[in-house]
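The values are calculated or read from the model by the stated rules, or taken from the named source; none is laboratory data. Please read these numbers as outputs of a predicted model, since none were measured by experiment. When we count neighbours, we look across all protein chains shown, and the Cβ atoms used for this are built from the backbone with ideal geometry, even at glycine. When the accessible area is computed, the model is the full protein with side chains, heavy atoms only, and any ligands, DNA or RNA have been set aside. Shrake-Rupley method; radii C 1.70, N 1.55, O 1.52, S 1.80 Å.
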Amino acid sequence: MVRFIVQWLVTALGLWLSSVLIAGISFRDTTILILAALVLGLINAVVRPILVIITFPITVITLGLFLLVVNAAMIGLASVFFDGFTVSGFWPAIGAAVVTGVVSWIAGAFIRD
């Protein structure tokens with residue numbers, strides 16, 4: 001349970017940083033940001049593994065870069081659930097996927113299991 005909460009907070013931090021750094025990613029308020037991070041975590045737990053398996057051949061061909069597209073799609077899917085969470089296109093979603101991924105990677109270096 002603690003691991004889930006920490007991952008949720010790290011995802012929220014990554015989404016917030018994405019909204020600060022990338023034009024085209026925005027949140028109406030903090031509540032929407034926290035709920036979007038929760039929904040993104042649930043989507044990443046349920047939908048993302050299915051998409052990763054389905055897109056495995058193209059992921060291999062692109063040497064793993066297609067996973068950025070999958071992650072961007074998950075962020076775009078999370079934005080569909082909230083009017084206050086805006087992702088205004090493919091490239092902002094890719095940027096948000098990169099920023100969120102880097103934040104998760106850095107947090108993973110400091111947080112042990």
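Okay, here's what the table says:
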| item | result |
| --- | --- |
| Cα-based shape type of segment 1-61, given that a ≥ b ≥ c are square roots of the gyration tensor eigenvalues and the cut on a/c is 1.5 | oblate |
| Within the accessible area of the chain (1.4 Å probe), percent carbon and sulfur | 75 |
| Efficiency of FRET between Ile5 and Thr31 - r from beta-carbon atoms, R0 25 angstrom, step 0.05 | 0.90 |
| Å² per residue, accessible surface of segment 1-71 at 1.4 Å | 64 |
| Peptides 69-77, 99-107 ordered by average Cβ neighbours within 10 Å, highest first | 69-77, 99-107 |
| Compactness of the chain, expressed as Rg and Dmax over alpha-carbon positions, Å | 13.6, 40 |
| Segment Ile106-Ile50, length gained on full extension (0.36 nm per residue, minus Cα span) | 17.6 nm |
